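K.L.:
This is the structure I have questions about; it appears just below.
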């Protein structure tokens with residue numbers, strides 16, 4: 001019902017007409033809910049992304065905070081790996097010091113043995129045995145010790161060669177020195193040089209013996225014996241192999257010539273000398289059989 005305001009000034013000042021209005025609050029709530037639902041429905045993916053970014057940012061802030069705390073207080077929680085590395089480094093330093101001291105002691109010992117010419121004897125107190133021990137610890141530092149030992153043997157062998165003591169006498173000759181070097185340092189340059197020098201001297205000796213017709217005689221001074229010594233030292237030496245073939249051929253020719261001239265015993269003598277050099281030669285053995293039948 002609608003009531004008009006009084007016209008009379010007296011009543012107009014004293015009477016307040018309250019108008020009836022409808023409440024708008026419930027409708028506002030409903031409108032906000034509908035709008036929120038629409039936003040959630042259409043923008044749910046973006047809302048999730050924003051939420052994820054917020055959480056990631058929070059984790060990064062916490063991580064940086066933890067690192068800063070660790071940096072400010074390094075003594076409170078030292079890294080385990082760093083401690084382990086320090087322990088290993090200390091152990092290696094101690095080990096290196098022990099090795100260095102051992103090497104120095106072995107070098108001193110070897111030098112003293114060399115000064116006393118105790119190169120390979122007596123057993124248990126010689127430079128070569130000390131070198132072997134040193135080589136296991138410090139190979140590079142051991143090499144000068146071996147060089148010194150090899151140099152002494154090479155020098156002695158050279159003196160024997162100058163005195164023509166190549167393979168004789170048995171108790172002191174160049175070949176004995178070579179055998180010692182071959183056992184200690186087979187690949188050493190001096191060992192290889194000495195071998196070549198010995199072979200060269202023996203080849204020259206054999207050639208001289210051949211020129212004098214010392215094929216198999218005398219007993220200790222003949223070409224066959226010299227060539228055989230060379231083949232013991234160097235089995236594939238072609239000059240020594242060819243030298244022995246020449247000796248066999250010369251005796252075979254003499255044996256055949258004597259056989260044709262009816263000098264059977266002389267032929268057998270030549271044949272026996274050839275067989276001393278090549279006992280398994282089939283041609284020589286066949287001729288020996290023929291001569292035996294006619295003798």
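Every read-out reported here was derived from the displayed coordinates using simple, explicitly stated rules and does not represent laboratory data. Given the structure is predicted, the values throughout are model-derived calculations rather than measurements. Cβ placement follows ideal geometry from the backbone for every residue including glycine, while neighbour counts extend to all protein chains displayed.
K.L.:
Would you calculate the separation in nanometres between label points at residue 96 and residue 159, each defined as 7 Å from the Cα along the Cα-to-beta-carbon direction?
P.N.:
Calculated label separation equals 4.5 nm.
K.L.:
If you average the C-alpha positions of the range 92-127 and of the range 146-222 separately, how far apart do those two centres end up, in angstrom?
P.N.:
So the separation of the two Cα centres works out to 31 Å.
K.L.:
Counting only C-alpha contacts under 8 Å and six or more residues apart, can you give the relative contact order of the range 237-295 as a whole percent?
P.N.:
On the way: 46 pairs, mean separation 18.7, N = 59.
Once normalised by length, the contact order is 32 percent.
K.L.:
Take 177, 210, 238 and order them by how many other Cβ atoms sit within 10 Å, fewest up front. If you can, show how the numbers build up before the last one.
P.N.:
On the way: 177 24, 210 19, 238 8.
Ascending number of Cβ neighbours within 10 Å: 238, 210, 177.
K.L.:
Let me ask something else about it. Modelled label-to-label distance, residue 108 and residue 183, 7 Å Cα→beta-carbon offset: nm?
P.N.:
3.0 nm
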